Amino acid sequence: MHELSHYLLDHQTPYLFSDFPLFYIDASPLQELEANTLSSILLFPRKAIEHCAKNSFSIHRIKNEYGISEQLIRKEINMSGALKQFKGWSPFKRLAIDQESEI
Ligand SMILES: [Zn+2]
């Protein structure tokens, strides 16, 4: 998703394959930040965060259903402001059922 984000953002950097830029190289730190930000949003968009909040999903359930890392989930939830909007939602609180399913 990161490399696709470079492409979608039309980053003009050298790339290894000329027909389709699969791997951008030597992107600037700003372009890397932009690509990381867009890829995170694409993987876990605001609408998905709202869905998780409205259904009181735990971070463990989000990981399983969306196939994304806990680090990305935590970052996007914190950046989205969803915890303030959905005050009763506590996705980082571990539930007994989550702990059982990891065994
Ligand atoms: Zn990159």
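Values in this text are rule-based calculations from the coordinates and carry no lab data. Because the structure is a prediction, the values reported are computed rather than measured. Using ideal geometry, Cβ is built from the backbone for each residue, glycine included, and neighbour counts are taken over all protein chains shown.
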Return the lysines within reach of Lys93: Cα separation strictly under 17 angstrom, same-chain partners fewer than 8 residues apart disregarded; answer none if there are no such residues.
Lys54, Lys63, Lys75, Lys84
Nitroxide proxy distance, nm - points 7 Å out along Cα→Cβ at Tyr66 and Leu9:
1.9
Order these peptides, 60-72, 78-90, by their mean beta-carbon neighbour count within 10 angstrom, highest first.
60-72, 78-90
Once both label points are put 7 Å beyond Cα along the C-beta direction, the His51-Glu32 separation in nm becomes 3.2
